[in-house]
């Protein structure tokens, strides 16, 4: 009976320590090198299952290609307006900070609420293809439990809803 009590106490202490580490910023990590657009490409997907990228298909031999694949954001009309709309969504998204805003590129850092893990999220406007490419990756850990994909898909849903609303208002 005493062993169960010790194990429960140890588990509770471990949870408190991890939570405190997150709140103190020890789980944020550092931005990886190579963010941004080089030769019309965002950084490659991570080597572990903790990122998504609409450009994963450009790397057919990448070990996480199938896990990382996600559809780019499609737009109709003015690409600059579409990217501006996406920037507004990022700024309104709790836990996300828009760090860099360029004519064809956005970079945001999104932090989880409780443990303060930080993910790097990038968008690249490809006017010719009428899409906005996306890459979202965790800084720490081997897996992201689907957090990056869920974030991208939630942003996509709001982006498409805004686009439909804007078309109906015209």
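What follows draws every value from the coordinates through simple rules; no lab data is involved. Keep in mind the model is a prediction, meaning the values are calculated, not measured. Cβ coordinates were reconstructed from backbone atoms using ideal geometry, including for glycine residues, and neighbour counts include every protein chain displayed.
Please compute the length gained on full extension between residue 127 and residue 66, using 0.36 nm multiplied by the number of residues separating them and subtracting their Cα-Cα distance.
Numbers: separation 61, 0.36 × 61 = 21.96 nm, distance 2.53 nm.
Value of the extension gain: 19.4 nm.
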task = Would you work out the relative contact order for the chain, in percent, from Cα pairs under 8 angstrom that are 6 or more residues apart?
result = 25
query = Do the sum for the chain: with -39,500 (n - 2.57) for every DSSP H run of n ≥ 4, divided by all residues, what is the mean residue ellipticity at 222 nm, to the nearest 500 deg cm²/dmol?
reply = -12000 deg cm²/dmol
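Could you give the length gained on full extension between residue 145 and residue 39, defined as 0.36 nm per residue of separation minus the Cα-Cα distance, in nm? Walk me through the numbers before you get to the answer.
Working: separation 106, 0.36 × 106 = 38.16 nm, distance 3.05 nm.
Once the chain is fully extended between residue 145 and residue 39, it gains 35.1 nm.
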query = Roughly how tilted is helix 147-169, in degrees to the nearest 10 and between 0 and 90, from the longest Cα axis of the chain?
reply = 30
ask   = Under a point spin-label approximation (7 Å from Cα along Cα-to-Cβ), what is the residue 87-residue 30 distance to one decimal in nm?
value = 2.9
task = Scale the Cα Rg of the range 57-104 by the rule-of-thumb value 2.2 N^0.38 Å and send over the ratio, two decimals.
result = 1.49
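Evaluate E = 1/(1 + (r/R0)^6) for residue 153 and residue 11, where r is the Cβ-Cβ distance and R0 equals 45 Å; express this FRET efficiency to the nearest 0.05. All intermediate terms of the calculation are to be shown ahead of the outcome.
Values: r = 33 Å, r/R0 = 0.73.
Step by step, r from the Cβ atoms, then E = 0.85.
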remark   = Per 5 angstrom bin, beginning at 0 and ending with the bin that holds the maximum distance, the Cα pairs of the chain fall in percents of 1, 8, 16, 19, 18, 13, 9, 6, 4, 3, 2, 1, 1, 0, 0
request  = Compute the acute angle (0 to 90°) between the alpha-carbon long axis of helix 79-92 and the principal axis of greatest extent of the alpha-carbon atoms of the chain; round to the nearest 10°.
outcome  = 20
key: Crossing angle, helix 2-23 versus the chain [Cα axis fit, 0-90 degrees, rounded to tens]   = 40
